[in-house]
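The values are calculated or read from the model by the stated rules, or taken from the named source; none is laboratory data. None of the values given here were measured: they were computed from a predicted structure. Please note: Cβ atoms are built from the backbone with ideal geometry, for glycine as well, and neighbour counts cover all protein chains shown.
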Amino acid sequence: MSVTNDRKSGFAALIGRPNAGKSTLINQLVGQKIAIMSDKPQTTRTRIRGILTKPEGQVVFLDTPGMHRPRHQLGQYMMEIAENSIREVDVVICVTDASFGGTEKDEYVLEKIREARVPVVLVLNKVDRIADKSKLLRLIEEYQAAYPFVEILPISAKTGEQVDLLTSIVYKLLPVGPMYYPEEAVTDHPERFIIAELIREKVLLLTREEIPHSVAVVIEQLELREDRDVLYINALIYTERDSQKAILIGKNGDLLKRVGILARRDIESLFGSKAFLELWIKVKKDWRNREHLLRSFGYERD
């Protein structure tokens, strides 16, 4: 990779409401799946770092939890992550679902980004769902009146439309500086974190109502058995009530088996080796409101 003497380097936070498409966008930006995706609100619970290195420099994108008014300790933790990210980066990318509503649904997000002391780019996402493109012009005018964004860009994170242009805009806004990560890196999250998130993604896919929000995944054992070229994984899925545990297990264990099959496929694809995945379910009453359990599940405050 050829480089210039004025390479850009910095951090850009993706901020927005739940289901705005931030995780899909960060995967498009780095060209690889590093963040789990689902149609359930509050899928992202912590900060996901995606690293993009080009001749122009290196940008570290931060996918943050969807902004909402918290109702429990886990929700408060998620909001602290998102709000702190606004104050710690070089560029803020505000992501909104252009196919649904306007500034009235983003009042809480707009209130928070007013604390930013850096350039804020507005991304009008999901334009692939909009048949009448004149709606975009009305949305642009509405958001321009609500906040002095440095750029407003309609995109589709799903199809990749205009994502390259977004990357170019971000690079222009970054300061000159050294790379923070090796050139080949796409994320700095450990393998245990990535595997736990892939398992949780499958739970989100196969369940509904309160269960997706009440689940945490902890990797108890992760071992590459080189004599067999098999990745051995023992994971605990925590939920809050016995009734939820029964639903997660399913009739004759069917739902838990499906979670395991789908997760194993993704793990094998990502790590390039066979995987043996063992899943167990445990109940921890009201864990989302218990500080010591949040910490033990990896939800550490900044």
* Asked: Would region 27-36 turn up any residue that is among the small types (Gly, Ala, Ser) and within 29 Å of GLU183 (Cα to Cα)?
  -> yes
* Asked: Which condition does GLU268 not pass, out of (1) in contact with a strand residue (DSSP E or B) (Cβ under 7 Å, 6 or more places away or on another chain); (2) farther than 22 Å from ASN27 by Cβ; (3) at pLDDT below 95, if it passes all the others?
  -> (2)
* **Out of GLY50, GLY66, sole residue that is in a loop (DSSP other than H, G, I, E, B), touching a residue at least 40 places away in the same chain (Cβ under 8 Å) and surrounded by 22 or more Cβ atoms within 10 Å (Cβ to Cβ)** => GLY66
* Asked: Taking region 166-193, which residues are surrounded by 14 or more Cβ atoms within 10 Å (Cβ to Cβ) and among the hydroxyl-bearing types (Ser, Thr, Tyr)?
  -> THR167, TYR171, TYR180, TYR181, THR187
* To do: Please state which one of LEU204, LEU294 is closer than 28 Å to GLN28 by Cα and either at pLDDT 95 or above or touching a helix residue (DSSP H, G or I) at 6+ places or on another chain (Cβ under 7 Å) (or both).
  => LEU204
* Is there any pair with a first residue in region 233-254 that is free of Cβ contacts under 8 Å to residues at least 60 places away in the same chain and in the same structural domain as ASP266 (by TED's automatic domain parsing) and a second that is aromatic (Phe, Trp, Tyr) and in a strand (DSSP E or B) whose Cβ atoms are under 6 Å apart and which are 6 or more apart or on different chains, and what are they? -> LEU236/TRP280
* Asked: Assuming ALA196 fulfils every condition listed in (1) within 24 Å of ARG71 (Cβ to Cβ); (2) in contact with an Asp or Glu (Cβ under 7 Å, 6 or more places away or on another chain); (3) surrounded by 15 or more Cβ atoms within 10 Å (Cβ to Cβ) apart from one, which condition is it?
  -> (2)
* **Tally, over region 46-76, of residues that are under 26 Å from ALA185 (Cα atoms) and either at pLDDT 85 or above or touching a Pro at 6+ places or on another chain (Cβ under 6 Å) (or both)** => 19
* To do: Test VAL186 against the criterion of being of a type outside the set (Gly, Ala, Ser) and modelled with pLDDT of 95 or more, and give yes or no.
  => no
* Structure fact -> When region 248-302 is checked residue by residue, the ones that are among the aromatic types (Phe, Trp, Tyr) and part of a loop (DSSP other than H, G, I, E, B) are PHE297, TYR299
